[in-house]
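Remarks on the structure that follows.
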């Protein structure tokens with residue numbers, strides 16, 4: 001068989017010269033849909049495998065990815081962007097606030113004299129990128145709290161990227177519940193479940209050593225995150241006021 005792209009002889013599913021798949025056929029509805037998913041969402045490259053694995057055995061799934069078993073897994077940053085964008089889309093359709101809307105609004109109540117909403121419109125309106133901005137801050141917390149686990153900072157970024165993606169799913173589902181049932185009690189539930197999910201993932205991922213230390217280190221991660229993210233909001237708001245005043 002010869003490659004339809006470069007004409008080289010091919011043995012197997014991919015050309016060793018240019019890398020093109022040998023299973024190239026005439027464009028029809030099936031191939032068009034497959035190409036669309038490949039280009040925009042990569043759902044045929046491990047999205048659903050990653051999605052379900054992160055809800056059933058998240059610690060092992062992320063550990064496998066870090067250890068090199070990556071062919072079946074959806075890439076972590078793309079995973080955050082896709083699910084964060086989907087969550088944002090649902091909140092806009094249902095006309096509800098994202099958790100970052102609530103975070104900034106709550107911060108504004110305690111910072112008199114600083115017009116937080118006017119400075120953080122970009123942060124609120126670009127939820128997917130806001131998740132990416134806060135991700136390194138949270139990862140500093142887990143890196144410091146679990147330093148003895150010997151994972152480097154970027155590995156913590158991967159760990160928390162997958163967690164953040166799944167948390168977006170939790171918020172999305174409860175956003176729909178709130179929209180249909182208008183029950184204010186559900187506002188606190190997704191936050192609790194998201195935090196609980198982090199504890200569960202860390203419990204599985206950092207499965208060596210004292211379990212009590214594991215729980216305390218997870219708590220320390222959140223303490224560091226709250227402190228650093230608050231500092232980030234204060235510094236960014238001051239800089240914003242200086243620039244735009």
Those residues of the stretch 186-218 which are surrounded by 12 or more Cβ atoms within 10 Å (Cβ to Cβ), closer than 23 Å to residue 148 by Cβ and more than 20 Å from the chain's Cα centre (by Cα), in sequence order: 207, 209, 213, 214, 215, 216, 217
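Taking residue 154 as the residue in question, decide whether it is more than 20 Å from residue 88 (Cβ to Cβ) and modelled with pLDDT of 90 or more. Show your work before the answer.
Numbers: more than 20 Å from residue 88 (Cβ to Cβ): yes; modelled with pLDDT of 90 or more: yes.
So residue 154 passes the test.
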Filtered residues of the stretch 63-79 (kept if farther than 16 Å from residue 161 by Cα and in contact (Cβ under 8 Å) with a residue 24 or more places away in the chain): 71, 72
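Scan 212, 223 and give me the residue that is free of Cβ contacts under 8 Å to residues at least 40 places away in the same chain and part of a helix (DSSP H, G or I). First the steps, then the outcome.
Values: 223 fails: free of Cβ contacts under 8 Å to residues at least 40 places away in the same chain.
Within the list 212, 223, the selection yields 212.
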Residue in the stretch 41-48 that is at pLDDT 80 or above and either in the same structural domain as residue 135 (by TED's automatic domain parsing) or more than 21 Å from residue 160 (Cβ to Cβ) (or both) present: yes
Test: residue in the stretch 152-163 that is part of a helix (DSSP H, G or I), over 25 Å from residue 86 (Cβ atoms), touching a residue at least 12 places away in the same chain (Cβ under 8 Å) and touching a helix residue (DSSP H, G or I) at 6+ places or on another chain (Cβ under 6 Å): yes
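The values are calculated or read from the model by the stated rules, or taken from the named source; none is laboratory data. Computed from a predicted model, the values in this text were never measured in an experiment. Because the Cβ atoms are built from the backbone with ideal geometry, glycine has one as well, and the counts that use them run over all protein chains shown.
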